[in-house]
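Read the figures in this text as sums done on the coordinates, not as results from a lab. A quick note: this is a predicted structure, and the numbers were derived from the prediction, not measured. As a convention, Cβ positions derive from the backbone with ideal geometry for all residues, glycine included, and neighbour counts pool all protein chains shown.
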Amino acid sequence: MSSSLPASADTPYSGLTPEAVLDALDSVGLRGDGRLIQLNSYENRVFQVFLEDGTVVVPKFYRPGRWTDDQILEEHGFALELQEAEIPVAAPLLLEGGGTLARFDAGGQTYRFSVAARRSGRAPELEDPSVLEWIGRFIGRIHAVGMKRPFNHRLSLDIATYGTGPRDWLLASEMIPLDAESTWKQAVDAVLEEVQACFDAVGPFRSLRLHGDCHTGNVLWTDAGPHFVDLDDALNGPAVQDFWMLLSGEPVALRSQLGALLAGYEDFMEFDWRQLRLIEALRTLRMIHYSAWIARRWNDPAFPVAFPWFGGRGYWNEQATRLHEQLNALRDAASHPGMP
């Protein structure tokens, strides 16, 4: 029960029909009742599937070629460690036949997938200091587990992986229009020089296993508190990476939010306050990496539809302007170390 259309690097999910999703689950002992909903995910394909026994599961089909098996299994192992520590995360289920990672052939493509129990919730109210403190406590608990040992196969958050590497790939890709390339390159080179100065000024720091993509979309709130989903970007890096995407607003508000998060965090983990200097540097690296991420996926038909504004001269000139703004933010951070 699958499409005869062959999958390729440009159409990585062409064989992943609804029938194929249900057949894949059936192959690991999870019998669907025919109902499934595709959830919002560009990198992987994620579904909510209703089973005949009345339960609901969330299978995730990994983008072919993105992660190695070892990298995926490290993510799974981390999630299971967190679950064992009674930290509310969306951990993979042990599937029939053993293990958390399975394979299924459909449409000429072998898909790797995992399955988790459905987690529901709402966006956290980050205006409430008690909510931020509660989230901070759980991030502290995540990091207490994360510090026990590093990832051996997954990425580390550094300038080469998230800054100079994506820059060099973009410049070689011919994705940037010639009449915008010089302006963008000048801007990205300037901010990366400042990012390097920022990392140098902070000096060596403890690198932990992190959630890595800890923003409000990946923190679901219930009356019992937060739970964390989508460890797909888990990596080694500085603790502050799991804080800064939860902060927003004017400087006074940022300091108040950060104070609440860290008040909860330090119930379980000591925070290296030097890392506050890294916030704008990490934001800059994310901007550069994000442009490269879209560009690398541009031949996937889902991406031009989802990001129609990407790729033209206007986009790259706007990015250059934003990078110049980041340059000012980095220099301000250098003038006021220890302030978000």
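Some points to look at:
- Taking segment 48-155 and dividing mean pair separation by its residue count, relative contact order in percent (alpha carbons under 8 Å, at least six apart): 29 percent
- Net charge of the neighbourhood of Ala187, taken over other residues with C-beta under 13 Å away and scored Lys/Arg +1, Asp/Glu -1, is -3.
- Residue list for segment 158-186, given a label point 7 angstrom along the Cα-to-Cβ vector of Arg322 and an amide N cut-off under 13 Å: none
- Applying 0.36 nm per residue to the separation of Glu52 and Glu96 and subtracting their alpha-carbon distance, the gain on full extension is 14.2 nm.
- Cα shape, the chain, gyration tensor, a/c 1.5 rule: oblate
- A full extension of the chain between Glu127 and Arg149 corresponds to an added length of 4.5 nm, given 0.36 nm per residue minus the alpha carbon distance.
- Per-residue HN-Hα couplings for segment 220-228 [Karplus 6.51, -1.76, 1.60; θ = phi - 60°; Hz; x = Gly/Pro]: 9, 10, 10, 4, 8, x, x, 9, 10
- Note on Asp168/Thr17: beta-carbon distance plugged into 1/(1 + (r/R0)^6) with R0 of 45 Å gives a FRET efficiency of 0.75.
- Computed magnitude of the charge dipole of the chain (debye, nearest 20; Cβ of K, R +1, Cβ of D, E -1): 220 debye
- Dividing the helix sum by the residues of the chain, where each DSSP H run of 4 or more adds -39500 (n - 2.57), gives a mean residue ellipticity at 222 nm of -13500 deg cm²/dmol.
- Segment 214-250-segment 278-340 distance, computed between alpha-carbon centres (Å): 19 Å
- 16 Å reach of a label modelled at Arg313, 7 Å along Cα-to-Cβ, counting backbone N of segment 148-185: 175-185
- The length gained by stretching the chain between Ala334 and Val252 to full extension, at 0.36 nm per residue less their Cα-Cα distance, is 27.7 nm.
- Taken along the Cα-to-beta-carbon direction at a fixed 7 Å, the label points for Glu86 and Arg103 span 4.0 nm.
- Gaussian network model of the chain, Cα within-10 Å springs - most flexible of Gln241, Gln83, Gln38: Gln38
- Protection proxy ranking for 152-159, 300-307, using the average of other Cβ atoms within 10 Å per residue and placing the highest first: 152-159, 300-307.
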